[in-house]
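Reviewing the structure listed below.
The values are calculated or read from the model by the stated rules, or taken from the named source; none is laboratory data. Keep in mind the model is a prediction, meaning the values are calculated, not measured. Neighbour counts run over all protein chains shown; Cβ positions are idealised from the backbone, glycine included. All accessible areas refer to the heavy atoms of the entire protein, side chains included, with ligands and DNA or RNA removed. Shrake-Rupley method; radii C 1.70, N 1.55, O 1.52, S 1.80 Å.
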Amino acid sequence: MAEQVVADLRDKCETPLPLLREVALAMAHEMGAGLQKEGGSRVKMLLSYVDKLPTGREEGLFYGLDLGGTNFRVLKVQLGGNQKHVVNCDSKEVSIPPQLMSGSSSELFGFIASELAKFVADEENCTNISNGKKRELGFTFSFPVKQRSVASGTLVKWTKAFSIDDAVGEDVVAKLQTAMEKQGLDMHIAALINDAVGTLAGARYYDKDVVAGIIFGTGTNAAYVEKANAIPKLEGELPRSGDMVINMEWGNFYSSHLPITEYDQELDNESLNPGEQIYEKLTSGMYLGEIVRRVLLKISLHSSIFGNMDHTKLQTHFLLRTPHISAMNHDKTPDLKIVAEKLEENLAITSTSLETRKLVVEICDIVARRAARLAAAGLAGILKKLGRDCNDQEQRSVIAIDGGLFEHYTKFREYLDITLAELLGEEASKSVAVKHADDGSGIGAALIAASQSQYCNAESDEVAAKNTYHTCRED
Ligand code: ADP
Ligand code: MG
């Protein structure tokens with residue numbers, strides 16, 4: 001019976017190349033539809049109003065704040081200008097108390113601002129760099145936001161484990177600014193971006209061939225550089241650079257070609273956001289452990305391979321987390337000792353045979369492999385949309401990826417690499433590189449804050465500045 005459940009899972013999670021090609025094609029198609037008009041696709045293709053990515057010439061001291069899914073990070077970077085890049089960077093990571101994820105927005109932003117204020121105070125005590133200039137901050141906020149400018153935007157909806165009703169529809173920059181003022185923190189928010197845009201910016205700072213930034217962390221998202229004249233829904237004057245970074249919000253992608261199992265269906269039904277973020281629920285760190293838990297639960301209810309056990313833990317949603325399935329999937333011990341440990345510690349499954357543990361490893365592998373292959377199809381979709389997926393590319397295309405899942409789940413990364421190569425073919429693969437962009441998202445915010453504020457300053461020296469839509473700071 002247990003073998004049957006796994007065989008069935010293997011079958012339903014199959015991702016042969018023709019299916020992945022359909023997924024890539026559907027992604028490219030949805031991208032076009034989302035750019036066409038507001039609401040044209042489930043893939044929102046939000047304008048980031050970042051029309052100019054950092055070049056390496058930015059100079060000065062900037063702060064970044066990165067609010068992701070589980071942690072947030074504050075950081076301070078000293079940019080050397082003139083291709084000297086980051087000459088100094090200090091950061092601090094703080095985990096978000098779970099009760100703040102579903103409380104009120106003033107509590108959440110109050111907490112963030114107070115941590116930021118502490119960081120700034122500590123830093124300045126050490127380095128003594130208060131030079132009288134207003135501090136500039138880039139804010140990475142990794143939830144769907146409808147932007148009106150590079151430094152303002154209203155929250156469309158929460159994703160991942162967040163659910164704070166009073167923040168939806170509100171300007172998150174104004175919320176943070178108010179909270180910072182309450183802390184007496186004199187800081188200007190120069191840019192609002194998300195982690196995918198930050199990863200793109202952080203990687204582009206070092207390599208001009210970077211075309212997209214992707215996140216596989218708690219959730220998943222992608223951002224890429226689009227030609228402004230390929231965005232029919234872009235109103236008003238086109239940006240002078242001719243480019244616009246698009247925040248795809250691809251976590252909400254759906255295609256009938258996606259291989260969805262009974263476990264995914266139930267996970268979705270019982271989630272905070274049923275029917276939404278289907279691609280994210282198949283490919284990101286918040287969910288992979290939970291899918292495996294559901295498969296194990298089914299096995300335990302229909303067979304006796306886990307022996308006599310108390311089901312309380314195995315029935316608890318999200319108790320088995322992706323780092324646990326990653327540890328089991330990579331267990332190299334001959335008797336799968338780590339698998340035994342993880343099952344016992346997390347799910348109270350205490351006595352398993354080696355055969356059973358092998359089966360558990362296989363379940364983890366099936367779920368992670370499907371995720372990685374669908375992830376690769378998403379990347380192929382972006383390359384297709386950019387016309388960079390064919391054989392005759394002279395141009396190099398680099399895709400920068402960050403996020404805890406990509407960083408730590410080695411097999412996920414390997415499957416992703418292999419699958420992308422399969423999808424692109426040998427020739428086209430030569431011109432495409434996937435890079436791990438370590439900590440792009442926090443530094444990226446500071447870099448965009450730098451390039452925005454310096455862009456504004458440079459522009460204000462030019463008479464030509466009068467027609468740009470940038471919201472340069474008045475003070
Ligand atoms: P966020 O998405 O919250 O900004 P990260 O990019 O650091 O944060 O990703 C955190 C997520 O990465 C976790 O929720 C988890 O799903 C996944 N993760 C963290 N560590 C591991 C690991 N060792 N193996 C697999 N996945 C991991
Ligand atoms: Mg993050």
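See the values below:
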{"read-out": "Top-ranked residue of the stretch 397-415 - restricted to ones that are within 16 Å of ligand 2 (Cβ to nearest atom) and open to solvent by 50 Å² or more (accessible area, probe 1.4 Å), ranked as nearest to the chain's Cα centre (by Cα)", "value": "E407"}
{"read-out": "Qualifying residue in the stretch 89-97 (condition: open to solvent by 30 Å² or more (accessible area, probe 1.4 Å), modelled with pLDDT under 95, under 30 Å from F318 (Cα atoms) and more than 16 Å from ligand 1 (Cβ to nearest atom))", "value": "no"}
{"read-out": "Restricting the stretch 199-247 to residues that are within 16 Å of ligand 2 (Cβ to nearest atom) and assigned to a loop (DSSP other than H, G, I, E, B), the residue that is farthest from the chain's Cα centre (by Cα)", "value": "T218"}
{"read-out": "Lone qualifier among S397, S453, S431 - being modelled with pLDDT under 90 and either among the small types (G, A, S) or in the same structural domain as S241 (by TED's automatic domain parsing) (or both)", "value": "S453"}
{"read-out": "Count - residues of the stretch 101-110 that are away from ligand 1 (no atom under 14 Å from the Cβ) and touching a Phe, Trp or Tyr at 6+ places or on another chain (Cβ under 9 Å)", "value": "2"}
{"read-out": "Near pairs, Cβ below 7 angstrom, 6+ apart or cross-chain, from the stretch 134-152 (more than 16 Å from ligand 1 (Cβ to nearest atom) and in a strand (DSSP E or B)) to any residue that is of a type in the set (D, E, K, R) and open to solvent by 10 Å² or more (accessible area, probe 1.4 Å)", "value": "R135/D186; S152/D171"}
{"read-out": "Search result, residues across the stretch 415-451 that are among the acidic types (D, E) and assigned to a helix (DSSP H, G or I)", "value": "D417, E422, E426, E427"}
{"read-out": "Pair list, Cβ under 6 Å, 6 or more apart: the stretch 157-173 residue within 17 Å of E280 (Cα to Cα), other residue surrounded by fewer than 19 Cβ atoms within 10 Å (Cβ to Cβ)", "value": "A161/M101; F162/M101; S163/S102; S163/L272"}
{"read-out": "Every residue from the stretch 429-451 that is touching a strand residue (DSSP E or B) at 6+ places or on another chain (Cβ under 7 Å) and away from ligand 2 (no atom under 16 Å from the Cβ)", "value": "S431, V432, A433, V434, K435, A449, A450"}
{"read-out": "Candidate set from the stretch 147-176 (those that are open to solvent by 20 Å² or more (accessible area, probe 1.4 Å) and under 16 Å from E276 (Cβ atoms)); member that is modelled with the lowest pLDDT", "value": "A161"}
{"read-out": "E58 being outside the structural domain of G242 (by TED's automatic domain parsing) and at pLDDT below 95", "value": "yes"}
{"read-out": "A428 vs. criteria surrounded by fewer than 24 Cβ atoms within 10 Å (Cβ to Cβ) and either among the small types (G, A, S) or out of contact with any helix residue (DSSP H, G or I) (no Cβ under 6 Å at 6 or more places or on another chain) (or both)", "value": "yes"}
{"read-out": "Condition met for P259 (surrounded by fewer than 16 Cβ atoms within 10 Å (Cβ to Cβ), at pLDDT 95 or above and not in a helix (DSSP H, G or I))", "value": "no"}
{"read-out": "Lone qualifier among L282, L272, L288, L267 - being open to solvent by 10 Å² or more (accessible area, probe 1.4 Å) and hydrophobic (A, V, I, L, M, F, W, C)", "value": "L272"}
{"read-out": "Residue match in the stretch 324-332 (condition: away from ligand 1 (no atom under 16 Å from the Cβ) and closer than 30 Å to A433 by Cα)", "value": "no"}
{"read-out": "Test: residue in the stretch 3-10 that is surrounded by fewer than 16 Cβ atoms within 10 Å (Cβ to Cβ), touching a His at 6+ places or on another chain (Cβ under 9 Å) and not assigned by TED's automatic domain parsing to the domain that holds I112", "value": "yes"}
{"read-out": "Matching residues in the stretch 180-198 - criterion: being open to solvent by less than 10 Å² (accessible area, probe 1.4 Å) and in a helix (DSSP H, G or I)", "value": "M180, A196, V197, G198"}
{"read-out": "Residues located in the stretch 40-88, provided they are within 16 Å of ligand 1 (Cβ to nearest atom) and touching a helix residue (DSSP H, G or I) at 6+ places or on another chain (Cβ under 7 Å)", "value": "G64, L65, D66, L67, G68, G69, F72, R73, V74, L75"}
{"read-out": "Count of residues meeting criterion [touching a Cys at 6+ places or on another chain (Cβ under 9 Å) and hydrophobic (A, V, I, L, M, F, W, C)] in the stretch 275-326", "value": "3"}
